[in-house]
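The values are calculated or read from the model by the stated rules, or taken from the named source; none is laboratory data. Since we're looking at a predicted model, the values are computed, not measured. Here the Cβ positions follow ideal geometry from the backbone for every residue, glycine too, while neighbour counts run over all protein chains shown. In case anyone asks, the SASA skips ligands and DNA or RNA and just uses the protein heavy atoms, side chains included. Shrake-Rupley method; radii C 1.70, N 1.55, O 1.52, S 1.80 Å.
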Amino acid sequence: MGLLSDPVRRRALARIVLRLNTPLCVLSYVAGIAWFLALAFPPLTQRTYMSENAMGSTMVEEQFVGGDRARNFARDFAAHRKKPGALPVAWLERAMRSVGLEVYTQSFSRKLPFPDETHERYMVSGTNVYGILRAPRAASTESLVLTVPCGPDTTNSQAVGLLLALAAHFRGQIYWAKDIIFLVTEHDLLGTEAWLEAYHDINVTGIQSSPLQGRAGAIQAAVALELSSDVVTSLDVTVEGLNGQLPNLDLLNLFQTFCQKGGLLCTLQGKLQPQDWTSLEGPLQGLQTLLLMVLRQASGRPHGPHGLFLRYGVEALTLRGINSFRQYKYDLVAVGKALEGMFRKLNHLLERLHQSFFFYLLPALSRFVSIGLYMPATGFLLLVLGLKISSTLLWMQLHEAGVNPEEAGKAPGPGSPPLATQSVSLASLMAPLLISQAMGLALYFLPVLGQHVAAQHFPVAEAEAVVLTLLAIYVAGLALPHNTHRVVSSQVPDRGWMALKLVALIYLALQLGCIALLNFSLGFLLAATMVPAAALTKPHGPRTLYAALLVVTSPAVTLFGSLFLWRELQEVPLSLAEGWQLFLTALAQGVLEHYTYGALLFPILALGLYPCWLLFWNVLFWK
């Protein structure tokens, strides 16, 4: 405490902080990026292991042999679906009753905020069909779910056939201690969300649905299945859920264990697992998989029906059967045995999955990075903001004390502001703060509210009007400095931009810190792009270079660049025109998923990071 209370020592500390601020910021930023890239290398990446004792062994004998029955169900389902063009509800009810399930249906409808041009829908109505297999050895207090989504552009017939064949097989067993729900949903995620809301008796998205006539126990775990062929070459597992939520790592370990037992080839992010982690090739391949997971998790989208289950505290995975050119070929029997083994082990659970990790990154299915090892990467990046906040605050305090910063730290250049003894009025900062936040509110509300007006006056559809309004408001924010400086009093000293930058730095640090705790991937990507521009921005020096850096690291350009990086890692590169179209589609889908499922990426960018970025733009053009 003596160091902080003694004026001489405090002055010496301020001198050190000001003199070494830039080298420390550069070192901290490089350390954060290097730490993240090292996450795919041992010893930061560790082998996965089963933490739940009830699932620690795979000593169960899978007896499923209903491959032919599954294919027959799949053919009948596809034939009946072609006739009406929608989900064959009556046929599904008969098929589920024929295998001994309690069968129920649920109708739902949803008017989207604007037309979904990707799936060509606006007024959505459909019916979910589900059957319940009651546990013969226990009361209906707990349950498991096997679900198959059926969309307008994906039939998923083989998955429905396998679901019905597994239901018939499970019906003949007496060891079940949990109810099993076999769910077929219409309109993909919309049907899943409608069923989940009705099952838990809540309404968070505005979907209109009929109440469920039949319920089982509290859902402990769920598996979503998507198959495109009778024969698969691999099973790809998806873990990223709504707003970056992840299932318990033990559920993923259980899937991998039974794939290994049955000889099934399993992939993550469509990538095969590296076999050799001692050479450089294995970790580099793991780094590609890790980057793909980071990009998908940062999007906040539910990348499968399991992503909506996670919001209700239900551990869930989505399994997708891939039929590619690989030499490995597996039929529905092999996939059914893996699912049977997973459900038999989940049947042994005495409590919810909680022993293993909920926050992790995956460079491979057999490797993971825990939260204690990946959070320092964001910590180093946020330390840059902390150093800039402390240096700016010290600089202003030295001004008020009448000490020249050049004498204290030799840090500022020839354009440093003159000495001043009067403090900055908080009222002088209210104009840029309020106008920046008002632009964020306009970006959030006006595109959806004004879509019909824009469609009436311009030759565009409603979805295009939403996207074009988004871009127009976003670009209009570039004129913000001219507007705010007309409001700010000319009597404010030149030191006013320092106070505004100090507020902007604190605002950005708080936002990135909170985002990183909720969704590490999103927080890290935003910190890696926005922190350098935030630290360098000032109203003197190479202003054109600073302006270009601010534009390149803005939230919209970060999203645009992430799409190119994502496709490059998938080995499907984009041209500039294709990237622009994908960017416009991503904007529309981001807004639509916020209003439909509650995805938070759009409000985070519109109400938080965009106004904060405008503050730095205002600092750059301070007069």
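A single member of Asp179, Asp188, Asp201 is of a type in the set (D, E, K, R) and without any contact (Cβ under 8 Å) to a residue 12 or more places away in the chain, and it is Asp201. Of all residues in the stretch 249-286, those being under 13 Å from Phe41 (Cα atoms) and either assigned to a loop (DSSP other than H, G, I, E, B) or open to solvent by less than 30 Å² (accessible area, probe 1.4 Å) (or both) number 9. The number of residues in the stretch 109-156 being of a type in the set (Phe, Trp, Tyr) and touching a residue at least 60 places away in the same chain (Cβ under 8 Å) comes to 2. Tell me, please, whether a residue that is without any contact (Cβ under 8 Å) to a residue 60 or more places away in the chain, of a type outside the set (A, V, I, L, M) and open to solvent by less than 10 Å² (accessible area, probe 1.4 Å) can be found in the stretch 308-328. No. The set of residues in the stretch 140-184 being hydrophobic (A, V, I, L, M, F, W, C), over 18 Å from Gln220 (Cβ atoms) and open to solvent by 10 Å² or more (accessible area, probe 1.4 Å) consists of Ala168, Ile174. For Leu308, the criteria (1) modelled with pLDDT of 95 or more; (2) outside any helix (DSSP H, G or I); (3) under 22 Å from Cys150 (Cβ atoms); (4) not small (Gly, Ala, Ser) hold in every case but one, which is (2). Of all residues in the stretch 81-91, those being in contact (Cβ under 8 Å) with a residue 60 or more places away in the chain and either at positive phi or in a loop (DSSP other than H, G, I, E, B) (or both) number 2. Among (1) in contact with a Phe, Trp or Tyr (Cβ under 9 Å, 6 or more places away or on another chain); (2) part of a loop (DSSP other than H, G, I, E, B); (3) open to solvent by 20 Å² or more (accessible area, probe 1.4 Å), there is one condition Pro376 misses while meeting the rest; what is its number? Pro376 satisfies all of (1) in contact with a Phe, Trp or Tyr (Cβ under 9 Å, 6 or more places away or on another chain); (2) part of a loop (DSSP other than H, G, I, E, B); (3) open to solvent by 20 Å² or more (accessible area, probe 1.4 Å) except (2). Quick one: is Phe64 closer than 30 Å to Leu166 by Cα, surrounded by 14 or more Cβ atoms within 10 Å (Cβ to Cβ) and either modelled with pLDDT of 85 or more or under 33 Å from the mean Cα position of the chain (by Cα) (or both)? When the stated conditions are applied, Phe64 passes them.
For the stretch 322-361, name all the residues that are assigned to a helix (DSSP H, G or I) and not aliphatic (A, V, I, L, M). Hits for the stretch 322-361 are Gly336, Lys337, Glu340, Gly341, Phe343, Arg344, Lys345.
Taking the stretch 571-609 as the range and being open to solvent by 40 Å² or more (accessible area, probe 1.4 Å), polar (S, T, N, Q) and within 18 Å of the chain's Cα centre (by Cα) as the test, only Thr585 passes.
Only a single item in (1) outside any loop (DSSP other than H, G, I, E, B); (2) small (Gly, Ala, Ser); (3) crowded, with 17+ Cβ neighbours inside 10 Å is not met by Gly561, and it is number (3).
Pairing each residue of the stretch 440-459 that is more than 26 Å from Ile604 (Cβ to Cβ) with any residue that is in a helix (DSSP H, G or I), provided the two are 6+ apart or on different chains, yields C-beta distances under 6 Å for Ala455/Glu462; Ala455/Ala465.
Results for (1) part of a loop (DSSP other than H, G, I, E, B); (2) modelled with pLDDT of 95 or more; (3) open to solvent by less than 30 Å² (accessible area, probe 1.4 Å); (4) closer than 30 Å to Leu584 by Cα, shown as yes or no for each residue.
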{"position": "Ala74", "(1), (2), (3), (4)": "no, no, yes, no"}
{"position": "Ala79", "(1), (2), (3), (4)": "no, no, no, no"}
{"position": "Glu93", "(1), (2), (3), (4)": "no, yes, no, no"}
{"position": "Met96", "(1), (2), (3), (4)": "no, yes, yes, no"}
{"position": "Ser107", "(1), (2), (3), (4)": "no, yes, no, no"}
{"position": "Pro113", "(1), (2), (3), (4)": "no, no, yes, yes"}
{"position": "Asn128", "(1), (2), (3), (4)": "no, yes, yes, no"}
{"position": "Ala135", "(1), (2), (3), (4)": "yes, no, yes, no"}
{"position": "Ala138", "(1), (2), (3), (4)": "yes, no, no, no"}
